[in-house]
Amino acid sequence: MSMGREAAEFSNKYTSKLTHLIEKTRASKENVGGTSSTPTPEMSDSQSFFMDERLHKYVDDLQQNFVVTQKLTNAILSCELLSPDPPVRDEAYYGVDVSEGEEIEEDRVVGNEEELSSAMKSVTPKSKRLRTDLPSRFWNITADIGYVSKYMTKYKKSISKMSQPHKEILDYCFYHSEKDSSLERYYRRGYYLLIEKIDILSMLPNRHINVQIINAWCNVINHDSLCDGVRSRFIFSLDHSDALIEHMAVENSEKLFSNCKSSWDYWLDTTMDRLCSVDMIFIPFQVENHYAAAVVDFIDAKVHYLDNRKYSDSVVRVTFCDAAEALRKSLSSYLISKNHPKAKDILTFELENIPFPWQTSRADSDCGVYLMHHMKNFDGVVYTSPDMNKAAVRNVLRAQIVASIILSNENEIRLQVIDKAYTFYKEKPTLLKLLAKKKKEKNDEFIERKKKEAEEKMKNMSEIKRGKTKIG
């Protein structure tokens, strides 16, 4: 795991604890005012502890060190290592063992989902090393010279409606993620959102989608105006899911609220004004490897429960509805603390389970795809989407989501990825020749092996026949 993600996890783990300690010591200072901090018999041990000036000084120093650590983490993540002279483009460089001459059956279903268009605007490059003409040159790619990743080779007909630049981004990302030696990063937002090899691979068909992908999607929708709905929305990340699971095992509303508040404060950052003005607030969550969402709808005064599963087992159904109910209560308390004008009204909203036409009783690995589709399109009522119940269409959606996240204006390393993808596109003819050569060699080896096996078989049959003739 990379240093950036480790730093982010460290920060997430200790931010809430440090904040809680600071609040306690500040409260102690306010309570004592100008009085002496000398403990009295009437004080409890905990009061004496938090009034101790030595503790106040220690926490102040700790807070300063923590801020310095955060700034250092951001500085490290913003650095760009200068690449050495490019190596010789041989088989070892391209890693032609990815395909290994494998015969991949083409997908026969052409996807008909409308292509996402989230990132057609160029942004100011963050590095002088980047060529400023790259975005226009990249978006002008029109020639389909072939694909090298297993995903693009198999599903090239299904994604035929996508633009060529989007296809090239996908081919680059999937190809380098398939390589065991890949250390690529494809998306970064601050020091808390990173998409790396393992996350890209989770977007391949029939795989459970990683949390980092969905969190990045939430961030893109919040800031890039990607949603197709009319109603404005704000979407929290999935970081509160662990707290929810703990609450469902041992009910503790106060602890759930405390953990959710820490997670939501961290995600909300400086967008509080927007949270008070949106029509809907999405609270996605993950329980037992399944994704769903609760949506607080201020227009219809409802809390919608969005899920691609329909449950025949009442126990399971109640479990997920209870999760939505617990999050509704925590959000109400959270918005009260933020002076939201309708915070208390949330507790009176009707809880409604939305019956999407693609709901199924069968568990599958596409619950993350459905969740991200709901985030983008749900507008307070049931909506339809052609062929959403077809696996081939959902596979196309996976690809569209990857391209939209990576090419989003929210991606701080967007231009670096485009730079690498453009270079990859220019060098792809050489790579395709190497792959074709590797495949031919493997096929020739296979034919030669089968030929030797046939000759050996004929030889054995001749020896058996001669032996029977001698006995006769």
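Laid out as a table, the results:
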| read-out | value |
| --- | --- |
| Spread of Cα-to-Cα distances over 5 Å intervals beginning at zero, given as percent, for the range 344-472 | 2, 7, 9, 9, 8, 8, 9, 9, 7, 6, 5, 5, 5, 4, 3, 2, 1, 1, 0, 0, 0 |
| Length added when fully stretched, Ile336-Ala363, from 0.36 nm per residue minus Cα-Cα | 6.0 nm |
| Neighbourhood charge, 14 Å Cβ-Cβ cut-off, centred on Tyr172 and excluding it, Lys, Arg +1 and Asp, Glu -1 | +3 |
| Label-point separation, Glu453 to Ala436 (7 Å along Cα→Cβ), nm | 2.8 nm |
| Length released on extending from Ile245 to Asp52, taking residue separation times 0.36 nm less the Cα-Cα span | 65.8 nm |
| Spin-label model distance (nm) - Asp345 vs Ile464, 7 Å beyond Cα toward Cβ | 8.6 nm |
| Farthest positive-ward along the range 150-278 dipole, Cα basis, beta-carbon charges - from Leu268, Leu201, Phe257 | Leu201 |
| Cα-based shape type of the range 279-389, given that a ≥ b ≥ c are square roots of the gyration tensor eigenvalues and the cut on a/c is 1.5 | prolate |
| Peptides ranked, highest mean first, by Cβ atoms within 10 Å: ranges 396-407, 147-158 | 396-407, 147-158 |
| Vicinal HN-Hα couplings computed from phi for the range 158-169 (Karplus, 6.51 cos²θ - 1.76 cosθ + 1.60; Hz; Gly/Pro x) | 5, 9, 5, 7, 6, 5, 4, x, 4, 5, 5, 4 |
| Residue-level accessible surface for Phe174, protein heavy atoms, 1.4 Å, Å² | 0 Å² |
| Paramagnetic label zone (point 7 Å from Cα along Cα-to-C-beta, Ile145; backbone N under 13 Å) in the range 404-427 | 421-427 |
| For the range 355-453, accessible area per residue (1.4 Å probe, heavy atoms of protein chains only), Å² | 43 Å² |
| Carbon plus sulfur fraction of accessible area for the range 147-242, probe 1.4 Å, in percent | 47 percent |
| Net length gained if the chain between Ser277 and Asn443 were fully extended (0.36 nm per residue, minus Cα distance) | 53.5 nm |
| Label-zone membership for the range 151-181, site Lys390, 7 angstrom Cα→C-beta point, backbone N under 15 Å | 155-162 |
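The values are calculated or read from the model by the stated rules, or taken from the named source; none is laboratory data. The structure presented is a predicted model; accordingly, all values stated were derived computationally and were not measured. Positions of Cβ are generated from backbone atoms using ideal geometry, with glycine treated the same way; all protein chains shown enter the neighbour counts. In case anyone asks, the SASA skips ligands and DNA or RNA and just uses the protein heavy atoms, side chains included. Shrake-Rupley method; radii C 1.70, N 1.55, O 1.52, S 1.80 Å.
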